[in-house]
Amino acid sequence: MITLILGGNKSGKSDFALDLLAKGPKPALFIATGKAKDLEFRQQIIKHRETRSPELEVVEVSEDLPQTLRKAKLTFPAIVVDSLDYWLFTCQEAGCEEGKIQEFIEVLEQWGETDLILVSCETGLGPLPAGSAVRAFVRSLGALNQSVAKKADQAYLVAAGLPLILKKG
């Protein structure tokens with residue numbers, strides 16, 4: 001089962017994903033895509049680590065998310081990826097966005113029985129960004145979220161910590 005959880009920054013989407021993961025089969029894996037590039041984000045990552053269960057295994061990835069998922073589903077019956085937006089940003093920085101997205105969608109198409117919870121920002125709800133680089137990122141993330149939503153069995157939008165069902169399978 002593939003679950004997509006969308007929401008704005010600090011909407012509660014990660015907490016909701018962890019709640020779903022806690023209710024799923026064990027052992028579970030948390031795949032973190034975020035890399036601290038400034039003090040504020042480093043503090044946010046530390047806070048996330050402190051609130052996660054100590055039994056939850058954590059793997060940090062960069063653009064190698066598709067390969068990591070292929071391997072992880074052989075061992076773990078439940079996996080959460082937090083978050084696709086940062087993974088996309090990493091792929092853009094590495095210059096491999098198009099190929100990695102295609103590879104990621106192929107992984108989803110062949111997913112199987114493992115519970116997969118994917119977290120991503122829904123950035124297109126605000127005003128149109130003034131900078132072309134930000135607009136390009138918002139367009140790419142919107143397209144990625146739409147592609148993942150098509151493959152997902154269920155999807156949620158989290159706002160103010162409340163999950164809204166977008167798709168139920």
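Since every read-out is calculated from the coordinates, none of them should be taken as a lab result. All values derive from a computational prediction rather than experimental measurement. Because the Cβ atoms are built from the backbone with ideal geometry, glycine has one as well, and the counts that use them run over all protein chains shown.
Add -39500 (n - 2.57) for each DSSP H run of 4 or more in the chain, then divide by its residues: what number comes out at 222 nm, to the nearest 500 deg cm²/dmol?
Details: 6 runs with 76 residues, N = 169.
So the helix-based figure for the chain works out to -14000 deg cm²/dmol.
log₁₀ I(q)/I(0) of the chain at q = 0.08 Å⁻¹, via Debye over equal Cα point scatterers, no solvent, to two decimals? After summing over all Cα pairs, the log10 values are -0.22. Using θ = phi - 60° in the Karplus curve 6.51 cos²θ - 1.76 cosθ + 1.60, the 3J(HN,Hα) couplings for segment 154-162 round to 8, 9, 10, 10, 9, 9, 6, x, 10 Hz; x is entered for Gly and Pro.
Scanning residues 5 or more positions from Ile79 or on other chains, those with amide H under 5 Å from its amide H are Leu29, Asp115, Leu116, Ile117, with H placed 1.01 Å from N in the peptide plane. Amide H contacts of Glu57 (H built 1.01 Å from N, in plane; Pro and chain starts excluded): Ala28, Phe30 sit under 5 Å, all sequence-distant by 5 or more or on other chains. The H on the amide N of Leu166, modeled in the peptide plane, is under 5 Å from the matching H of Ala155, Tyr156, Leu157, each at least 5 residues off or on a different chain.
Relative contact order for the chain: what is it in percent, counting Cα pairs under 8 Å that are at least 6 residues apart?
Value for the chain: 38 percent.
Each pair of Cα atoms in segment 93-166 enters the Kirkwood radius, and Stokes-Einstein at 37 °C and 0.692 mPa s then converts it into a translational diffusion coefficient of 233 µm²/s. Take the Cα of Ala143, go 7 Å toward its beta carbon, and the backbone nitrogen atoms of segment 97-124 under 17 Å from that spot belong to 97-106, 123-124. For GluC sites (Glu not before Pro), the sites in segment 88-169 that DSSP calls loop and that have at most 16 other Cβ atoms within 10 Å are Glu113.
Counting charges near Asp153 (Lys, Arg +1; Asp, Glu -1) among other residues having Cβ under 12 Å from its Cβ returns a value of +2.
Quick one: putting +1 on the C-beta of Lys and Arg, -1 on the C-beta of Asp and Glu, what dipole do you get for the chain around its Cα centre, in Debye to the nearest 20? Please list the in-between numbers first.
Working: 20 positive and 22 negative charges, 63 e Å.
Roughly 300 debye for the chain.
Take every DSSP beta bridge whose two residues both sit in the chain; close to 15 percent of them are antiparallel. Sequence-ordered 3J(HN,Hα) estimates for segment 114-124 from the Karplus curve with 6.51, -1.76 and 1.60 and θ = phi - 60° stand at 4, 6, 10, 10, 10, 10, 8, 6, 9, 8, x Hz, glycine and proline given as x. Computed 3J(HN,Hα) for segment 66-72, one whole-Hz value per residue from the Karplus formula 6.51 cos²θ - 1.76 cosθ + 1.60 where θ = phi - 60°, is x, 5, 4, 5, 4, 6, 5, glycine and proline marked x.
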